[in-house]
1. Give me Rg/Rg_expected for region 47-148, where Rg uses Cα atoms only and Rg_expected = 2.2 N^0.38 Å with N residues.
2. Using 0.36 nm per residue of separation minus the Cα-Cα distance, give me the extension gain between Ser177 and Gln232 in nm, one decimal.
3. Taking GluC sites (Glu not before Pro) as candidate sites, keep only those in a DSSP loop with at most 12 other Cβ atoms within 10 Å, then name the longest stretch of the chain containing none of them.
4. Exceeding 20 Å between C-alpha atoms, which entries from my cross-link table qualify? They are Lys239/Lys265; Lys137/Lys265; Lys137/Lys189.
5. For region 75-145 and region 159-202, what is the separation of their C-alpha centers, rounded to whole Å?
6. Applying the Karplus parametrisation 6.51 cos²θ - 1.76 cosθ + 1.60 with θ = phi - 60° to the phi angles of region 179-186, what ³J(HN,Hα) value in whole Hz is obtained for each residue in order, glycine and proline being reported as x?
7. Using the alpha-carbon atoms, what tilt in degrees (0 to 90, nearest 10) does helix 63-76 show relative to the longest principal axis of the chain?
8. Are there chymotrypsin sites (Phe, Trp or Tyr not before Pro) in region 179-266 that DSSP marks as loop and that have at most 14 other Cβ atoms within 10 Å, and which are they?
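Read-outs: derived from the displayed coordinates by stated rules, not from any lab. In this text the structure is predicted, and so the values were computed from the model without any measurement. All Cβ positions, glycine included, derive from the backbone under ideal geometry; neighbour counts span all protein chains shown.
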Amino acid sequence: MPRETDSTGKSFDLTVLPNENMKIFQDLVYRYLTVHGRSFPWRNTFDPYRILVSEIMLQQTQTSRVTGKYERFIEAFPDFASLTHAELNDVLALWQGLGYNRRALALKKLAEIVVRDYGGELPDSLGALTALPGIGKATAGSILAFAFNKPIPFIETNIRRVFIHFFFQDRRGITDSEILPLVEKTLDKENPRQWYYALMDYGAMLAGHVPNPNRKSAHYTRQSRFEGSERQIRGMILKALIANGPLSEKALIKRLGVDAGRVEKNLAELEKEGFLVRTDNIIRIS
């Protein structure tokens with residue numbers, strides 16, 4: 001059975017969570033934040049727009065890659081209105097290096113909806129947030145916690161890692177539906193923002209010190225290979241168009257040095273998703 005030790009040296013069983021053990025668990029995680037808490041620019045604001053941008057950027061991307069990009073993005077597009085009126089080409093240009101360009105497109109579409117339907121103010125309900133492009137339950141929960149300090153239970157990779165490490169050491173195939181009740185029971189309802197920061201920092205620490213607990217999750221999958229993938233070709237197409245402006249398909253294929261059939265396949269997908277338009281065989285960012 002997993003056991004932990006409190007500040008007095010007393011050992012306790014975390015699989016049983018009476019109120020006193022819940023408090024010990026919270027203290028343990030909070031102590032780590034106090035001593036080793038990470039500092040990021042998005043933690044120094046309650047601005048819902050800025051927190052939204054950070055959460056979309058952080059989807060499937062390490063914090064070390066996000067920090068600089070986040071600051072430049074906010075400088076260029078400081079609010080929903082500026083992002084709404086921006087050219088997609090300019091948005092994608094600043095997004096380069098983060099990967100998963102669909103997120104940038106979704107973020108711009110989201111900004112347009114917020115300006116049109118919500119007067120430029122991000123809604124603060126789970127249902128309204130998850131109805132917006134690019135926002136699932138985990139991202140919505142993090143926005144509600146960090147921007148509005150609402151005690152919404154949610155799970156992301158670092159949070160999952162903490163709970164599997166402490167509560168499911170002897171198990172494999174753990175589902176998020178098993179973890180979520182523990183997240184809810186241990187949630188600091190007075191200060192969910194700080195509590196989730198503490199959990200995430202503790203989870204990030206675990207990633208470097210123990211075999212990855214998330215491999216025990218039923219939802220664990222290895223990231224697919226990027227080199228030579230269709231995702232890489234899509235990124236190459238967008239990068240070429242951002243750097244050079246509109247190109248003919250022939251010129252684009254020549255620049256990329258990739259099989260014409262694969263380029264055409266990915267052009268069709270990018271056009272369908274709203275990234276590109278093709279007019280008289282000239283391809284440009286939407």
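1. On the way: Rg = 12.3 Å, N = 102, 2.2 N^0.38 = 12.8 Å.
Here the answer is 0.97, to two decimals.
2. Values: separation 55, 0.36 × 55 = 19.80 nm, distance 3.36 nm.
Gain on extension, Ser177 to Gln232, equals 16.4 nm.
3. On the way: sites that count: Glu87, Glu121, Glu190, Glu227.
It runs 1-86.
4. Numbers: Lys239/Lys265 17 Å; Lys137/Lys265 31 Å; Lys137/Lys189 18 Å.
Violating the 20 Å limit, Cα to Cα: Lys137/Lys265.
5. 27 Å
6. Once rounded to whole Hz, the list reads 7, 4, x, 6, 4, 5, 5, 8.
7. The angle comes out at about 60 degrees.
8. Working: sites: Trp195, Tyr196, Tyr197, Tyr202, Tyr220, Phe226; in loops: Tyr220, Phe226.
For chymotrypsin sites (Phe, Trp or Tyr not before Pro) across region 179-266 that sit outside H, G, I, E and B with at most 14 neighbouring Cβ atoms in 10 Å, the list reads Phe226.
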